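Working notes for the structure below.
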Amino acid sequence: MMINQWLEDDFEAGDLPLSGGGTLFSARLHYHQMGALNAPKDNLILLPTYYGGAAAGNYPWVGRYSPLNPDEYCIVIPSMLGAGESSSPSNTSGQQAGAGFPAISLYDNVMLQKRLVDEVFGGADIALVMGWSMGGMQALQWGCLFPEQVRGVLATCCTARCHPHNRVFLEGVKAALTCDQDFRDGHYRTPPTRGLRAFARVYAGWAYSQAFFRHEGWRDMEFDSIEALLKFWEEDHLTQDANNLLAMLDTWQRANISENPRFLGNYESALNALAMPTCLMPGSTDLYFTAEDARQDAHKMPGATLDVLPSDWGHIAGGPGRERHSHQKIMLAARSLLAGQEH
C-alpha cells in the first residue's frame, strides 16, 4: 500500500530511563510518515527535527520530484523531545510539566527513535538519516551508534557536539528569555511575551550572517526592512512555549555524540565510528555551527566528505527549503548518498 500523504502517529514508549539519570514518565514520540516500508525493510529514511521546529518543517525535503521520493522510500520524521509534539514541558502533566521537565540528551532522543524503528518498523535498515542543525546532530548520533543499520548520513549546518562559542551564543538567548519577570523560573501563569520577543530578536542576529544584512538578503524573503524580518521572528516565537525552548536549548548545549554509555566521552572514537558514507554540509557564513568546526569533525570520520554551502544566509542556509541555491545543493547530496542503494 502506498502512503502518498503525511500521516501522524504516536509511539507510546512507557517510562524512559534517561542518560543523565532519572526517568521521563509515559514518554511519547510523535512522528510523521509518508511512503510505505518495502518487503526487505531497507527503504527507510529518517529526518529528525531541528531546534524549535515542528516535524512539518522538514516537509520541503520530501516529494515526488525529490530524491526523498515517497513512491520509493518510507520517510519518517520523528519529533525531538521537548519540541512540543513529542513529550515536552508544554504537554506533560504532573510533576514533570513545565519547569519540572527532565533534562534530555541527544542520546535519549536517538535511543527512543531506535525503539520506534525496531518496534514499529520492524528493525528496518535505514537508507539515510538526514537533518539540519540539531536534526543533523541527531543524524550523526545515529551513524556512530548504529553503523550496521545506517547506510548514509547527511547533516547540514551542524557539528557533532556543541562547541564552546556555540554554547556562549545559547547563553545569550537564554538570558534574554529568562530575564522577563513573568518567566518566574519557568512557573509562568501567562506566556513571558517580553522574554520571547527578546529571545527572537537576539536569535535573529545570530541565525543569519553579517553579509546577509549587508546585502539586504531579507528582501529575498519578501520583507521590506530589517524591522519587518525581526517582527516575523517575534511572531514566530510568540507561538512557542518558553519551557519547550529552554528544554531543547539544554539538550543542544550538552550535545556531544560521545557522551553516552558506548563511547564514554571519547569524542574521537565516536567520530571514527562514522565509516558509512556521510556528508557534512556546513554553511560558509554560519556563526555558531562554523564550517571550521565541521571540517575538524569531518576529518576524523572515515566515511565523511565536507561540502560547504556557499551562502550569505548563515545558519539558515541548511534549512529545508529555506534558501534556493543551498536547498538544491542539499538535494544533490541526498541524491548522491542514495544512488546505487538497492531496496
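The values are calculated or read from the model by the stated rules, or taken from the named source; none is laboratory data. Note that the coordinates shown come from a computational prediction; the quantities given were computed from them, not determined experimentally. Counting neighbours? That spans all protein chains shown, and the Cβs are built from the backbone with ideal geometry, glycine included.
The requirement of being assigned by TED's automatic domain parsing to the domain that holds VAL150, buried (at least 24 other Cβ atoms within 10 Å of the Cβ), assigned to a helix (DSSP H, G or I) and touching a Ser or Thr at 6+ places or on another chain (Cβ under 6 Å) is fulfilled nowhere in the range 69-92; no residue meets it. Just one of the numbered conditions (1) closer than 25 Å to PHE146 by Cα; (2) surrounded by 15 or more Cβ atoms within 10 Å (Cβ to Cβ); (3) β-branched (Val, Ile, Thr) is not true of THR305: (2). When the criteria are applied in full, VAL120 meets the requirement of being over 21 Å from the mean Cα position of the chain (by Cα), surrounded by 15 or more Cβ atoms within 10 Å (Cβ to Cβ), touching a residue at least 12 places away in the same chain (Cβ under 8 Å) and in the same structural domain as THR278 (by TED's automatic domain parsing). Please go through the range 10-23 and pick out each residue that is assigned to a strand (DSSP E or B) and loosely packed, with under 15 Cβ neighbours inside 10 Å. Those that are assigned to a strand (DSSP E or B) and loosely packed, with under 15 Cβ neighbours inside 10 Å: ASP10, GLU12, GLY14, ASP15, PRO17, THR23.
Quick check on this structure: which one of ARG295, ARG254 is in contact with a strand residue (DSSP E or B) (Cβ under 6 Å, 6 or more places away or on another chain) and either at pLDDT 95 or above or surrounded by fewer than 20 Cβ atoms within 10 Å (Cβ to Cβ) (or both)? ARG295 is the lone residue from the list that is in contact with a strand residue (DSSP E or B) (Cβ under 6 Å, 6 or more places away or on another chain) and either at pLDDT 95 or above or surrounded by fewer than 20 Cβ atoms within 10 Å (Cβ to Cβ) (or both).
Here is a yes/no grid of residues against (1) part of a loop (DSSP other than H, G, I, E, B); (2) surrounded by fewer than 22 Cβ atoms within 10 Å (Cβ to Cβ); (3) in contact with a strand residue (DSSP E or B) (Cβ under 9 Å, 6 or more places away or on another chain):
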| site | (1), (2), (3) |
| --- | --- |
| GLU8 | no, yes, yes |
| PHE25 | no, yes, yes |
| ALA36 | yes, yes, yes |
| ALA39 | yes, yes, no |
| TYR51 | yes, yes, no |
| TYR65 | yes, yes, no |
| ALA99 | no, yes, no |
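Please enumerate the residues belonging to the range 134-149 that are surrounded by fewer than 24 Cβ atoms within 10 Å (Cβ to Cβ) and either polar (S, T, N, Q) or touching a residue at least 24 places away in the same chain (Cβ under 8 Å) (or both). Scanning the range 134-149 gives LEU145, PHE146, PRO147, GLN149. When ARG219 is tested against (1) in contact with a Phe, Trp or Tyr (Cβ under 7 Å, 6 or more places away or on another chain); (2) exposed (fewer than 14 other Cβ atoms within 10 Å of the Cβ), exactly one condition is not met: (1).
Within the option set ASP182, ASP236, ASP224, ASP220, being among the acidic types (Asp, Glu) and in contact with a Pro (Cβ under 8 Å, 6 or more places away or on another chain) holds for one residue only, ASP182. Filtered by the rule that a residue be part of a helix (DSSP H, G or I) and of a type in the set (Asp, Glu), the range 114-152 gives ASP118, GLU119. Cβ separations smaller than 8 Å between residues 6+ apart or across chains give the following pairs from the range 298-326 residues that are over 24 Å from ALA211 (Cβ atoms) to residues that are among the small types (Gly, Ala, Ser): MET301/ALA275; PRO302/ALA275; GLY303/ALA275; ALA304/ALA298; THR305/ALA298. The set of residues in the range 286-343 that are charged (D, E, K, R), in a helix (DSSP H, G or I) and under 24 Å from GLU216 (Cβ atoms) comprises ARG324, LYS329. Would you check if ALA54 is outside the structural domain of ASN244 (by TED's automatic domain parsing) and more than 21 Å from the chain's Cα centre (by Cα)? Taking the combined requirement at face value, the residue does not satisfy it. Out of GLU72, GLU85, which single residue is of a type outside the set (A, V, I, L, M), modelled with pLDDT of 95 or more, under 23 Å from ALA242 (Cα atoms) and touching a His at 6+ places or on another chain (Cβ under 8 Å)? Of GLU72, GLU85, the one residue that is of a type outside the set (A, V, I, L, M), modelled with pLDDT of 95 or more, under 23 Å from ALA242 (Cα atoms) and touching a His at 6+ places or on another chain (Cβ under 8 Å) is GLU85.
Just so you know, in the range 172-209 the residues that are among the small types (Gly, Ala, Ser) and over 21 Å from the mean Cα position of the chain (by Cα) include one that is surrounded by the most Cβ atoms within 10 Å (Cβ to Cβ), and it is GLY195.
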